[in-house]
Each structure stands twice: as C-alpha cells, then as structure tokens.
Amino acid sequence: MQIGIIVFPGSNCDRDAAMVTRDLLQQPTRMVWHEEQDLADLDLVIIPGGFSYGDYLRCGAIARFSPAMQATMDHAHQGKLVLGICNGFQVLTEMGLLPGALVRNQGLHFICDRLTLRVERTDLPWTQHYQPSEVVTIPIAHGEGCYFVDEQTLAELEDHRQVVFRYATANGEITQAANPNGSLNNIAGICNRTGNVMGMMPHPERASDPMLGFTDGLRLFKSVLDAAD
C-alpha cells in the first residue's frame, strides 16, 4: 500500500504517523508537502494532528485551501482512502468531506489524556480488526475537539451508521462522564457514507508501538492494510 502523510507548517504528528506506517508496518510512505498537487500514486492519504498553519482563523480553516488538500478532495472522490486525525479531522470538516465542526472543548481547556472508546462499526476498512462494541484505549490531545452538528445532520449520521467511535466508559457505557469535551452523542470519530473517508479526534498512532504498552490504535492501521489486500 502506498501511503502519503500531508505535512503542513505546524504539523506535529506527521512523523508519529510515519513511524507506524513506515517503521512498524513496513509500508511505502512518503511525506507530502502541503504545496504538492499530485497524489495519484497514493492509496491512503493521512492528514495528521498538529496545528496546520498555526490554526489561525479557525482550526483547519486555512489548510483546506492548500494544494495538497485540494488533491486529497479528488483522491476521496475517486473512492480512495483518507484518514484525518485530530487536526486532520478538523480539516476534513472544514472542507466538507465530513459533516459538522469541531469547536472548543466544553470546559474550554486543552485535554491531553488516555481515554476509552467504543467501536461502533467493524465493517469498514478502518475497523476490521476490532470486535463490535469493543472498548479500546486511545490517547487524545486537543482544545477544539467538541463535535457539533445540526440536529437533522446528527440524525442522518446515526441513521446511516456513520459514527465509528464514541467516548465511553471502560465497560462500554455511553455516559456524559465519559465524554471529555462535550461532543454530541459522545462522538469521537465518523466516516462519510461510503466509508472511505474517516476523521477522529483520538490519536491511534500514539497507541501503536508495543514499547508504549498498548496497541489498540495499531489495529486500525492493520485493518486498512488487510482491506487493501
């Protein structure tokens, strides 16, 4: 699988993602500078976490206009895979590749923690290595991670099973206490209707190296590889 990771001025998780795809999984991986326009050789595009263009104006608001993201739009429309992590999720919503917006955390504080999520779907390229309703541990690190959308679109997301991950208790219960940022319906990650584009606020790349003691995030990347075979 040919993997590209977009690099913006302000990205700080691009090398983390490359460590997983290139070093742990031994997949051809290239860093895609934000001014590049040709992604034709890639099967998977990853928009990493960080602070693209310093997150001036609004998180992801400037990155959406970069040549690399315009090429990613075409990549997604061709049915190829796109994964947005944290700031990458924010960019995907700004572009309209995913619905909704990520706004300031309910408590107005930056949160860096290791949380439990419930897997809502296992029939996607991203989740085939998980079990239905399985609880996994994935870190978060964000100040604008509260997922918000209008009521009609939220209902459509639920009806079309586009919610992939929810913040949950260790027992898999969806409670307000388990919701770190105030996201509607405890949403931590969603996909588009065809399932080839996914965005999530938690960082699976930070839960991939066995040296860290937990690898629930690695299974997401392995799922993609198996889906491509």
Working only within region 1-15, note down all residues that are of a type in the set (K, R) and touching a residue at least 60 places away in the same chain (Cβ under 8 Å). none
Across region 1-30, the tally of residues that are buried (at least 23 other Cβ atoms within 10 Å of the Cβ) and in a helix (DSSP H, G or I) stands at 3
It is to be established whether one or more residues within region 71-80 are in contact with a helix residue (DSSP H, G or I) (Cβ under 7 Å, 6 or more places away or on another chain) and surrounded by 22 or more Cβ atoms within 10 Å (Cβ to Cβ). no
Give me a count of the residues in region 183-228 that are in a helix (DSSP H, G or I) and among the charged types (D, E, K, R). 5
Of everything in region 56-93, what is under 17 Å from the mean Cα position of the chain (by Cα) and of a type in the set (D, E, K, R)? Give them in sequence order. R64, K80
Go through region 116-137 and give me each residue that's in contact (Cβ under 8 Å) with a residue 40 or more places away in the chain and either closer than 20 Å to F51 by Cα or in contact with a Phe, Trp or Tyr (Cβ under 6 Å, 6 or more places away or on another chain) (or both). L117, V119, T137
Checked region 18-49 for anything of a type in the set (D, E, K, R) and under 19 Å from the mean Cα position of the chain (by Cα); matches are R22, R30, D43
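Please give the helices (runs of 4 or more DSSP H) falling wholly within region 63-176 in which 2 or more residues are within 20 Å of A207 (Cβ to Cβ). Give the derivation first.
Details: elements: 67-77, 87-95, 151-159.
Where helices (runs of 4 or more DSSP H) fall fully within region 63-176 and carry at least 2 residues being within 20 Å of A207 (Cβ to Cβ), they are 87-95.
Each row is one residue, and each column tells you yes or no for (1) among the aromatic types (F, W, Y); (2) without any contact (Cβ under 8 Å) to a residue 24 or more places away in the chain; (3) surrounded by fewer than 22 Cβ atoms within 10 Å (Cβ to Cβ); (4) touching a Lys or Arg at 6+ places or on another chain (Cβ under 6 Å).
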{"residue": "T175", "(1), (2), (3), (4)": "no, yes, yes, no"}
{"residue": "G182", "(1), (2), (3), (4)": "no, no, yes, no"}
{"residue": "N185", "(1), (2), (3), (4)": "no, no, yes, no"}
{"residue": "G199", "(1), (2), (3), (4)": "no, no, no, no"}
{"residue": "P204", "(1), (2), (3), (4)": "no, no, no, no"}
{"residue": "L220", "(1), (2), (3), (4)": "no, no, no, no"}
{"residue": "V224", "(1), (2), (3), (4)": "no, no, no, no"}
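Where a number appears in this text, it was derived from the coordinates with a stated rule and is not lab data. Quantities reported herein were computed from a predicted structural model and do not represent experimental measurements. Please note: Cβ atoms are built from the backbone with ideal geometry, for glycine as well, and neighbour counts cover all protein chains shown.
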